[in-house]
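The values are calculated or read from the model by the stated rules, or taken from the named source; none is laboratory data. Remember, it's a predicted structure, so these values are computed and weren't measured experimentally. Every residue, glycine as well, gets a Cβ built from its backbone with ideal geometry; the counts of neighbours run over all protein chains shown.
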């Protein structure tokens, strides 16, 4: 059995799960008859269970019970070579669900997807692909199809990984964000300024300040 997000399990459920794993028995809801089980358990979490156990928010005895073999999977942004395969898999499934057998994606769109931070990992990528399929009237998804959906996605500030305090100055961080916004929006001043929450004149001043090249004709 696969237990996803086990780090979110409440204390009462942790006790019940520990008893099941230790005794290898369980009772069906509404029944008093005890049944035996013979299963292998695979758990997944994006939390640090060792730290949670030290804080007392996750049972240490349950951690020892489930933590026999650990496989650490890097975030999707650190294995971007998997993104094209995942997208193709999602499209194959969606083509059956929505009766659109000709669904495909351009190489340029895949290259663009590989540049996204994807803090939500596979779930975020899957959601983006499905939303783009639903919104687009074309069977071949292009870069702009995905981009329009990313621009409309709400940002979860808790998921944004900021540098540790003291490792980078605020000015250097601002320069990085300006450069990233300009690259993301292909040097379009208006869109980059909007994404950064700046006026065009404020963005112009920062472009000059950080000596970032731009072409007004491209806007």
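Can residue 3 be described as more than 28 Å from the chain's Cα centre (by Cα) and either within 27 Å of residue 73 (Cβ to Cβ) or surrounded by fewer than 13 Cβ atoms within 10 Å (Cβ to Cβ) (or both)? Step through it out loud before you land on a result.
Numbers: more than 28 Å from the chain's Cα centre (by Cα): no; either within 27 Å of residue 73 (Cβ to Cβ) or surrounded by fewer than 13 Cβ atoms within 10 Å (Cβ to Cβ) (or both): yes.
In short, no.
Say whether the condition of being loosely packed, with under 12 Cβ neighbours inside 10 Å, part of a loop (DSSP other than H, G, I, E, B) and either in the same structural domain as residue 107 (by TED's automatic domain parsing) or modelled with pLDDT under 90 (or both) is met by at least one residue in segment 173-186.
Scanning segment 173-186 turns up at least one residue that is loosely packed, with under 12 Cβ neighbours inside 10 Å, part of a loop (DSSP other than H, G, I, E, B) and either in the same structural domain as residue 107 (by TED's automatic domain parsing) or modelled with pLDDT under 90 (or both).
Given the residues 86, 91, 118, which is the only one that is surrounded by 13 or more Cβ atoms within 10 Å (Cβ to Cβ), at pLDDT below 95 and not assigned by TED's automatic domain parsing to the domain that holds residue 184?
Details: 86 fails: at pLDDT below 95; 91 fails: at pLDDT below 95.
Just one listed residue meets the conditions, 118.
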